[in-house]
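*Asks:* This is the structure I want to talk about, given as structure tokens.
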Amino acid sequence: MSLSAPYDPNNIFARIIRGELPAIKVFEDDEALAFMDIFPQSEGHTLVIPKKIRATNFLDADPAALAILIARVQRVAKGVAKALNPDGIRVAQFNGAPAGQTVFHLHFHIIPIFDGAEVKRHAGEKADMAVLEALAEKIRAAI
Ligand code: 5GP
């Protein structure tokens, strides 16, 4: 999928927004939805996606709408920090398959970093859903 690929309204994240697919949610308002990544790179890896922006990637999105979204990204990142007390947090974002993008609905990764803990490969191993739910409960309470 190239940088200029058209938006597919049936991508996985669009289906999660519509409630057609499940997600372990930690935050939702009219603008954005945040949920646990099911192939997490670290404990607490969370995704933040826009609900109104129909953009394949960052380059596609209207700057004013991005400003609204990035405020949610920061809010969720602060919640993850408060809930899990990581040593650092990566906020990451990939555009186009050659850059590592695998789901073609604009999104931000919030990846907590813990000293000495491995950061797993991108979109790798599926997590235990009970573990994700327990992490989500803490993050939800902190947002
Ligand atoms: P990208 O590769 O596009 O930057 O990020 C997509 C992310 O979505 C990856 O980190 C991947 O682990 C995650 N992911 C893929 N499919 C699903 C899914 O069905 N549910 C959830 N919660 N995350 C997913």
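The values are calculated or read from the model by the stated rules, or taken from the named source; none is laboratory data. Because the structure is a prediction, the values reported are computed rather than measured. Please note: Cβ atoms are built from the backbone with ideal geometry, for glycine as well, and neighbour counts cover all protein chains shown. Each accessible area value is taken on the protein alone, full model and side chains, heavy atoms only, with ligands, DNA and RNA left out. Shrake-Rupley method; radii C 1.70, N 1.55, O 1.52, S 1.80 Å.
*Asks:* Check whether at least one residue in region 56-70 is crowded, with 19+ Cβ neighbours inside 10 Å, on the phi < 0 side of the Ramachandran plot and not in a helix (DSSP H, G or I), and report yes or no.
*Replies:* For region 56-70, residues crowded, with 19+ Cβ neighbours inside 10 Å, on the phi < 0 side of the Ramachandran plot and not in a helix (DSSP H, G or I): present.
*Asks:* Of all residues in region 43-71, which are within 11 Å of the ligand (Cβ to nearest atom) and over 12 Å from the mean Cα position of the chain (by Cα)?
*Replies:* Thr56, Asn57, Phe58
*Asks:* From the list Val131, Val91, pick out the single residue that is more than 10 Å from the ligand (Cβ to nearest atom), open to solvent by 60 Å² or more (accessible area, probe 1.4 Å) and under 30 Å from Pro6 (Cβ atoms).
*Replies:* Val91
*Asks:* I'd like to check something: does region 113-125 contain any residue that is within 24 Å of Asp8 (Cα to Cα), touching a residue at least 60 places away in the same chain (Cβ under 8 Å) and open to solvent by less than 30 Å² (accessible area, probe 1.4 Å)?
*Replies:* The answer is yes; a qualifying residue exists.
*Asks:* Give region 134-143 a look and list any residue that's touching a residue at least 60 places away in the same chain (Cβ under 8 Å) and open to solvent by less than 70 Å² (accessible area, probe 1.4 Å), or say none.
*Replies:* Across region 134-143, the qualifying residues are Leu135, Ala136, Ile139, Ala142, Ile143.
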